[in-house]
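One structure is given below, represented as structure tokens, and several questions about it will come after.
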Amino acid sequence: MQIEDLRIFVAVVKAGSFTAAAEQLMLSKQYVSRRMASLEAGLNARLLNRNTRKLSVTESGQLFAQHAQRILDDIEEAERAVSPKRQALQGSYRISIPMSFGISHLSPLIAEFLGQHPAIQFQVELVDRYVDLVGEGFDIALRIGNLADSSLVARRLGELKRVICCSPQYLQRKGTPETPEDLLSHHCLRYGREGQTGWELELHGKRRLFDVRGPIVSNNGEVLRDAAVAGLGLVLLPEFIVGPALQYGALVRVLDAFHPGPLSLHALYPQHRQRSEVTRVFLDFLQERLKAQLLVAV
């Protein structure tokens, strides 16, 4: 087994195809295909499923990718340790971030970070679904909200404040809710999926889940914000989505005394990325910048 084969295999897993990996590595597609076939033959294991439409990673391939990445990270760390001059951070990283938060706040930070570390390459995908980091070849994912149990490493970056708000026109028509129980007679524009859209608020010193109802459910906060501005109902959303609308009066806060809980912001990455200096430096950078912008309370 050759180190080059490990590099090619990891690149194929991340890129999702021989063609894309070959372009990134500046190799021919035929050479990449031959090296992967040789690697599988040497291991006597199927690492990749190939068909005319899509390349997928087998369960064995996912496990091998973790170990291969760990070996490559160790080699990079060893080279850096003995280098007479500290090497610049480098490597290719695939990152998943939430769409609205990514566009509004993370996009300029990623550009700033890459400007400081020009030898790093990022493939950034903005998606609101929970990606399979190992199976889909991601190195880091940023997620907002509660985390499911998994073998991934989670680093808490901070918390994002949430508010309940609506348009002044909606309040004129429906009146102002005074307690969480009043929500049952209001239109509530809900984030998430049907059946998972209750609002948790504090009442009499205890947190309770209120089964609210309304005309729209969406997994995108900007869709709900715009619906609220149009007067369709109340929304419970992070401040980073509704902040500008609150500032110019298109939306107004309600029920602040009942403390909608904040949302945790986490970075997730596979265990083999724990010792990656790029992961550490990038997450340190994000945490510091977000804290300075008062978006995240750490």
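Does at least one position in region 14-30 carry a residue that is touching a residue at least 60 places away in the same chain (Cβ under 8 Å), under 17 Å from residue 121 (Cα atoms) and not small (Gly, Ala, Ser)? I'd like the intermediate steps shown before the answer.
Let us first name the residues in region 14-30 that are touching a residue at least 60 places away in the same chain (Cβ under 8 Å), namely 14-16, 24.
Imposing the further condition that a residue be under 17 Å from residue 121 (Cα atoms) reduces the set to 14-16, 24.
Next cut, not small (Gly, Ala, Ser) only: 14, 24.
For region 14-30, residues touching a residue at least 60 places away in the same chain (Cβ under 8 Å), under 17 Å from residue 121 (Cα atoms) and not small (Gly, Ala, Ser): present.
Could you check region 13-30 and list, in sequence order, the residues that are open to solvent by 50 Å² or more (accessible area, probe 1.4 Å) and not in a helix (DSSP H, G or I)?
The answer is 26, 27, 28.
Out of the residues in region 120-170 that are open to solvent by less than 50 Å² (accessible area, probe 1.4 Å) and over 17 Å from the mean Cα position of the chain (by Cα), state the one that is nearest to residue 266 (Cα to Cα).
163
Then there's this: Filter region 184-202 for residues that are within 28 Å of residue 129 (Cα to Cα), open to solvent by less than 30 Å² (accessible area, probe 1.4 Å) and modelled with pLDDT of 90 or more and give the result.
Of everything in region 184-202, those that are within 28 Å of residue 129 (Cα to Cα), open to solvent by less than 30 Å² (accessible area, probe 1.4 Å) and modelled with pLDDT of 90 or more turn out to be 188, 189, 190.
Only residues that are assigned to a helix (DSSP H, G or I), over 20 Å from residue 185 (Cβ atoms), aliphatic (A, V, I, L, M) and open to solvent by less than 20 Å² (accessible area, probe 1.4 Å): list them for region 227-246, please.
Within region 227-246, 241, 242, 245 qualify.
For the subset of region 203-231 comprising residues that are under 16 Å from residue 164 (Cβ atoms) and among the charged types (D, E, K, R), which member is modelled with the highest pLDDT?
Residue satisfying both the conditions and the ranking: 225.
Residue check: is residue 261 part of a loop (DSSP other than H, G, I, E, B), open to solvent by less than 70 Å² (accessible area, probe 1.4 Å) and closer than 13 Å to residue 164 by Cα?
yes
Output the qualifying pairs, or none if there are none: Cβ atoms under 9 angstrom, residues six or more apart or on different chains, first residue in region 174-200 and in a helix (DSSP H, G or I), second residue at pLDDT 85 or above and among the acidic types (Asp, Glu).
184/211
Taking the criterion of being open to solvent by 40 Å² or more (accessible area, probe 1.4 Å), at pLDDT below 85 and within 31 Å of the chain's Cα centre (by Cα), would at least one residue in region 31-50 satisfy it?
Checked against the condition, which is being open to solvent by 40 Å² or more (accessible area, probe 1.4 Å), at pLDDT below 85 and within 31 Å of the chain's Cα centre (by Cα), region 31-50 yields at least one hit.
The values are calculated or read from the model by the stated rules, or taken from the named source; none is laboratory data. Keep in mind that what you see is a predicted model, and the values were worked out from it rather than measured. Glycine also receives a Cβ, built like all others from the backbone with ideal geometry; neighbour counts cover every protein chain displayed. Areas reflect the complete protein model, heavy atoms only, side chains present, ligands, DNA and RNA absent. Shrake-Rupley method; radii C 1.70, N 1.55, O 1.52, S 1.80 Å.
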